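The values are calculated or read from the model by the stated rules, or taken from the named source; none is laboratory data. A quick note: this is a predicted structure, and the numbers were derived from the prediction, not measured. Here the Cβ positions follow ideal geometry from the backbone for every residue, glycine too, while neighbour counts run over all protein chains shown. Calculation scope for accessible area: heavy atoms of the full protein, side chains included, ligands and nucleic acids excluded. Shrake-Rupley method; radii C 1.70, N 1.55, O 1.52, S 1.80 Å.
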Amino acid sequence: KKESKNTKSWLILIMSNNNNSKEISESLDFLNINVKNEIDEHQQYYIGLDCKELSEKYPPYFSNENKLHVMSLLDENYEYEGNIVFTRWETLLVPVIFKSVNIDDNESKTVIDMKEDVFQYEDYNTDEEYQWHVNFAHSKLFVAYHGKLLAQDELQVLEHPILGSIREKLNSSIEKKRGLLQKFMFSTISEEEIEEIYIQEQLKDSELNRNFSEYTVEEGNANPILIEGAERRLKLDTKEIYGNKFSLADKETITDAVEVLDKKSDLQLRSNIIAIEALRQNYGVYKVIHIQMLLATAYSGFRAAYLRTKAYSANKYKDDRSLKCRVNTGLWGCG
């Protein structure tokens, strides 16, 4: 049995560890047993966090002046509400055969809706569906969010500052793991003893869990990271400031591009993110292995979103109803 399996992912659990962060799990007792088993098989890591506590303990750090200016336009006394969920998944096996889908057939389970536009994070009926937006992330999640560039990954964090807090918590995890490894660097104890100590330390502090990781790709395999409940605090019109133009723009241009969103308690201002990595620009001619990797990445990320939608439905309604899962994606790699 793999060490990475989250074998009790559907149980209610509220616990505190030695870093005083409250971690909140969920009740999935009403899930179909097959869905439970699939989550158990492929969800490597789950953590539910209090948004207010997360934002206060791990505030986002922006080094670029224009990004700091955007943050200054927000209410400094703003308090987050609710929880945010972070899950990490292993690569799922792509089925040999897919059921055919006729996009003109209203009876099809999958509907494809094409739009020529950027992500709008539009209002939707939260009693009917659960929406997701793709982040074509770097292999290290949100790694450059604080800097001068404003591409799709950085834009998503700027509009959802709590995602920067997720990154800072990951940075804390990286430092703790590095510190623990340094303790063992010149140790004479056996590998088995080191492993036992590591397991015990993980029980005390979940940030030491190997699968609480920044990597959306590891050892050549897709490890989609899904984040649910990220509050969108502003809308940025990027027509004149996208990419490298952002850091060169004056403060007036930046201010005119920002729309601060009113606080609401509903899900319309809460976004669900699928973080997967696309091949880099100008990669060259794709080989079969690249096509297989891209398909496995997309399938793993989208299937994980479907499973998390099922889990959210079960936890919210405490019965067997199921919300529709809607995935908003874009040109591959562009968001």
request  = Could you check N66 against (1) surrounded by fewer than 19 Cβ atoms within 10 Å (Cβ to Cβ); (2) at pLDDT 95 or above and say which number it fails?
outcome  = (1)
query = Does V101 satisfy being under 19 Å from Q156 (Cα atoms), at pLDDT below 90, in a loop (DSSP other than H, G, I, E, B) and out of contact with any helix residue (DSSP H, G or I) (no Cβ under 7 Å at 6 or more places or on another chain)?
reply = no
inquiry  = With the structure loaded, tell me whether Y145 is among the aromatic types (F, W, Y), modelled with pLDDT of 90 or more, within 19 Å of the chain's Cα centre (by Cα) and assigned to a loop (DSSP other than H, G, I, E, B) or whether it fails that test.
reply    = yes
request  = Could you tell me which residue of the range 161-176 is least open to solvent (accessible area, probe 1.4 Å), considering only residues that are polar (S, T, N, Q) and within 12 Å of L141 (Cβ to Cβ)?
outcome  = S173
task = Pairs only if they're at least six apart or on different chains, beta carbon under 7 angstrom, first in the range 133-157 and more than 20 Å from R232 (Cβ to Cβ) and touching a residue at least 24 places away in the same chain (Cβ under 8 Å), second assigned to a helix (DSSP H, G or I) and open to solvent by 30 Å² or more (accessible area, probe 1.4 Å); list them, first residue then second.
result = K148/S247
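Does the range 234-243 contain any residue that is open to solvent by less than 40 Å² (accessible area, probe 1.4 Å) and of a type in the set (K, R)? Don't jump to the end; show me each part of the working.
Our first condition is that a residue be open to solvent by less than 40 Å² (accessible area, probe 1.4 Å); within the range 234-243, this holds for 234, 236, 238, 241, 243.
Narrowing the set further to residues that are of a type in the set (K, R) leaves none.
The answer is no; no qualifying residue exists.
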query = Which residue out of N211, N221, N125 is in contact (Cβ under 8 Å) with a residue 40 or more places away in the chain and surrounded by fewer than 15 Cβ atoms within 10 Å (Cβ to Cβ)?
reply = N221
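Residues checked against (1) over 17 Å from L226 (Cα atoms); (2) at pLDDT 95 or above; (3) not basic (K, R):
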| residue | (1), (2), (3) |
| --- | --- |
| G301 | no, yes, yes |
| Y317 | yes, no, yes |
| L323 | yes, no, yes |
| N328 | no, no, yes |
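When you check K263 against the structure, is it open to solvent by 30 Å² or more (accessible area, probe 1.4 Å) and either within 30 Å of T126 (Cβ to Cβ) or at pLDDT 95 or above (or both), yes or no?
Answer is yes for this residue.
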message = Report every pair of residues separated by at least 6 positions or lying on different chains whose Cβ atoms are under 7 Å apart, first residue within the range 302-318 and farther than 16 Å from T126 by Cα and among the hydrophobic types (A, V, I, L, M, F, W, C), second assigned to a helix (DSSP H, G or I) and open to solvent by less than 10 Å² (accessible area, probe 1.4 Å).
response = L307/I39
